[in-house]
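Encoded as structure tokens, the structure appears first; notes follow it.
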Amino acid sequence: MINIFDSANKLADDLKQVPEFQAVQEAITALKNNAEDLAFYKEVIGYQQELQNKQMQGQEITEADDKKFNDYSAKMEANTNIANLMAKEQAMFQLLQQVQQTMTHPLDELYSELAK
């Protein structure tokens, strides 16, 4: 019997070798090497977590929250290191989506039989 987790672990190791992963790794290193950009990034992540906690607790996201989030978004897009990281992450996530589609293809085929 096959141990699917052996295959999954191999895939995880293989992902570290693809250019998209290496590009994310390089972008993270560049961000970590700039203390000001890194501090801003951590501030934004903290604020995102704050908003998620509000939503999970059923609290309303206010206009002020929305405005602050939009301000952060604009500043992130204008920040070279953060914008670069976001672009590299997007490419990595596209690759992961393609891998997921490949992995779930057998299920898709099974369910497509129900539509016939």
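Here, each number is a calculation from the coordinates, and none is a lab measurement. Keep in mind the model is a prediction, meaning the values are calculated, not measured. Cβ placement follows ideal geometry from the backbone for every residue including glycine, while neighbour counts extend to all protein chains displayed.
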If we count every other residue with Cβ under 11 angstrom of A23's Cβ, Lys/Arg +1 and Asp/Glu -1, where does the sum land? -2
Could you give the dipole magnitude of the range 33-105 about its Cα centre, charging the beta-carbon of Lys and Arg +1 and that of Asp and Glu -1, in debye to the nearest 20? 240
What is the gain in length, in nm to one decimal, between N70 and N9 on full extension, counting 0.36 nm per residue of separation less the C-alpha to C-alpha distance? 18.2 nm
Can you tell me the orientation of helix 80-112 relative to the chain, as the angle in degrees between its alpha-carbon axis and the longest Cα principal axis, to the nearest 10? 30
In degrees between 0 and 90, to the nearest 10, how far off the longest principal axis of the chain does helix 19-32 point, with axes built from Cα atoms? 20
Among the lysines, select those whose C-alpha is under 18 Å from the C-alpha of K67, and discard any that sit fewer than 8 residues away in the same chain. K54, K75
Under the definition of Cα pairs under 8 Å and six or more residues apart, what whole-number percent is the relative contact order of the chain? 34
Relative counts (whole %) of C-alpha pair distances in the chain, using bins that are 10 Å wide: 12, 27, 26, 23, 11, 1
